[in-house]
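Written out below as structure tokens is the structure these notes cover.
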Amino acid sequence: MTPTEASAYALDLCRTAPVIPVLVIEDPAQARPLAEALVAGGLPVLEVTLRTPVALDAIAEMAKVEGGIVGAGTVLTSDDVMAAKSVGARFAVSPGATDRLMDACEDSDLTLLPGAATATEAMYLLERGYTTQKFFPAETSGGAPAVKALGGPLPQITFCPTGGIDLVRARDYLALTNCVCVGGSWVAPKTLLEQGDWKGVTALAGEAAAL
């Protein structure tokens with residue numbers, strides 16, 4: 001998969017809904033009902049971060065949910081790429097980008113949404129062929145004004161900002177012409193997961209999907 005092909009698919013994913021849930025799963029038993037709740041609320045594209053020992057198991061379970069498109073987040077190494085793809089991840093998200101990581105994704109045909117926080121990083125990814133990028137960490141890197149400013153000299157790039165975004169802040173990003181969606185964890189708070197309140201998750205997802 002070329003960077004151009006990966007960026008085109010990533011853009012399609014980002015256009016599916018205004019919010020991509022960023023999920024940290026501690027209990028694999030939560031994975032499937034959580035995915036079902038989010039999909040029911042109108043958020044079918046799901047990012048499971050590789051930050052817990054059960055993340056790969058969670059991706060495998062979520063990949064079984066009809067209507068869901070599950071990817072791996074916090075993908076840092078070529079080993080992460082191989083592991084994520086082996087359990088059914090359909091895309092990868094990284095906080096930044098390295099040549100080795102991009103090579104691994106391209107060689108394995110796993111779509112990558114690479115991260116950038118500066119004009120230099122965004123230009124490097126653009127030079128390689130990635131026109132759809134993650135802007136991270138969004139709020140501490142200047143927020144919506146920074147994304148808007150990057151759109152002036154770099155109109156070719158479409159961003160998915162992630163990091164510190166909530167329902168209110170999401171509106172500021174989504175109003176920008178170079179922002180197609182945002183990533184956020186607020187749609188699946190830890191308290192609701194621990195309580196097994198899947199109706200509550202679906203309600204939050206529905207609110208986010210309506211942005």
Q: Just order 9-19, 78-88, 178-188 by mean Cβ neighbour count inside 10 Å, highest at the front, would you?
A: 178-188, 9-19, 78-88
Q | Share, in percent, of DSSP beta bridges within region 1-103 that are antiparallel, nearest 5 | A | 0 percent
Q) With the chain treated as a Gaussian network of Cα nodes joined by springs under 10 Å, which of THR120, THR177, THR158 yields the largest mean-square fluctuation? A) THR120
Q: Skip the ligands, DNA and RNA, and give the accessible area per residue of region 1-141 with a 1.4 Å probe, whole Å².
A: 41 Å²
Q | Amide H within-cut-off set for ALA97, under 5 Å, with H built and near neighbours excluded | A | GLY115
Q. What part of the accessible area of the chain, given as a whole %, is carbon or sulfur when the probe is 1.4 angstrom?
A. 54 percent
Q: Name the residue farthest towards the positive end of the dipole of the chain from the options VAL65, GLN30, ALA149, assuming +1 on Cβ of Lys and Arg, -1 on Cβ of Asp and Glu, about the Cα centre.
A: ALA149
Q: Only loop residues by DSSP count here, and only those with at most 13 other Cβ atoms within 10 Å; note down the GluC sites (Glu not before Pro) in region 44-121 that meet that.
A: GLU66
Q) Which value does Rg/Rh take for region 55-145 over its C-alpha atoms, Rh per Kirkwood? A) 1.00
Q: Please tell me which of these pairs span more than 24 angstrom C-alpha to C-alpha: LYS85/LYS134; LYS64/LYS190; LYS85/LYS190; LYS64/LYS199?
A: LYS85/LYS190
Q: Taking H placed 1.01 Å from N in the peptide plane, check which residues at least 5 places from THR111 or on another chain put their amide H under 5 Å from its amide H.
A: ALA92
Q | For region 73-123, alpha-carbon Rg and Dmax in angstrom | A | 10.5, 34
Q.
Take THR140 and THR16, extend 7 Å from each Cα along the Cα→Cβ direction, and tell me the distance between the two endpoints in nm.
A. 2.9 nm
Q: Name the most mobile residue of GLY73, GLY151, GLY96, meaning the one with the largest mean-square fluctuation, in a Gaussian network model of the chain with Cα contacts below 10 Å.
A: GLY151
**Q.** Kirkwood Rh in Å, taken over region 135-211 so that all alpha-carbon pairs contribute
**A.** 13.2 Å
Q: Using a Gaussian network model of the chain whose springs link C-alpha atoms within less than 10 Å, name the residue from LEU174, LEU43, LEU112 with the highest mean-square fluctuation.
A: LEU174
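The values are calculated or read from the model by the stated rules, or taken from the named source; none is laboratory data. These numbers were taken from a predicted model, which means no experiment stands behind them. For neighbour counting, all protein chains shown are included, and Cβ atoms are generated from backbone atoms with ideal geometry for every residue, glycine included. Side chains are part of the model used for accessible areas, which takes the heavy atoms of the whole protein and leaves out ligands, DNA and RNA. Shrake-Rupley method; radii C 1.70, N 1.55, O 1.52, S 1.80 Å.
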